[in-house]
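Heads up: the structure comes next, in structure tokens.
The values are calculated or read from the model by the stated rules, or taken from the named source; none is laboratory data. The model shown is predicted, which means the values in this text are computed figures rather than measured ones. Heads up, the Cβs are rebuilt from the backbone with ideal geometry, glycines too, and the neighbour counts pull from every protein chain shown.
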Amino acid sequence: GEVTRGDDGVAIAVEAVGVVADHRQVGALGVKPADLSVIRYDANGLDCYGNAVIATRDFAEKNPKTTTAFVKAVNRGMKEMVAQPKAGLEALKLRDPLINMDVEAGRMTLYIKELLLTPNVKDNGFSSVSTARLQKSIDAVVEAFGAKTTATPASLYTERFLPPKAERIPPAYHE
């Protein structure tokens, strides 16, 4: 897909199957919420993980302190975004002054409530990965792309660089 930004600062990601956006985002383009269809991947058999921090094995092994510090900072940022969404949006605006704050507030609310604070994350913290679920994701990718080789959950994920579970539990979210 490609990302397109209009004169109004609204960015949409155009995919082969449609548009990845929320109702405020496409509403800014004149689309009525009643005309939208939401297709949730997990509700349609594709229960894959979303966010990830990716590092090469070589980098992580040679730089464990840096890797641990980076993961800790990402974890802290995620927790602070949940605890203080308005401050998160203000930080985003510093990085991209063209954003529409109302549109991004809607996207952030949708993201936090529907995609980020899953029962698994609430119970086990950020970066809690089920080996069985990750294996299903790997199998789905292998099948979809007809890959001749495959990965194992252990080759893709480690808890080695994570903060303790208690530090990864997200705070309560208040809009």
May I ask you to list the residues in region 122-160 that are β-branched (V, I, T), assigned to a loop (DSSP other than H, G, I, E, B) and closer than 18 Å to D42 by Cβ? V129
In contact with a helix residue (DSSP H, G or I) (Cβ under 9 Å, 6 or more places away or on another chain) and without any contact (Cβ under 8 Å) to a residue 12 or more places away in the chain: does that describe A132? yes
Mind counting the residues in region 97-145 that are among the aromatic types (F, W, Y) and either more than 25 Å from A73 (Cβ to Cβ) or at pLDDT 90 or above (or both)? 2
Pairs with Cβ under 7 Å, 6+ apart, first in region 41-57 and under 15 Å from L134 (Cα atoms) and not assigned by TED's automatic domain parsing to the domain that holds I112, second among the aromatic types (F, W, Y) and surrounded by 13 or more Cβ atoms within 10 Å (Cβ to Cβ): none
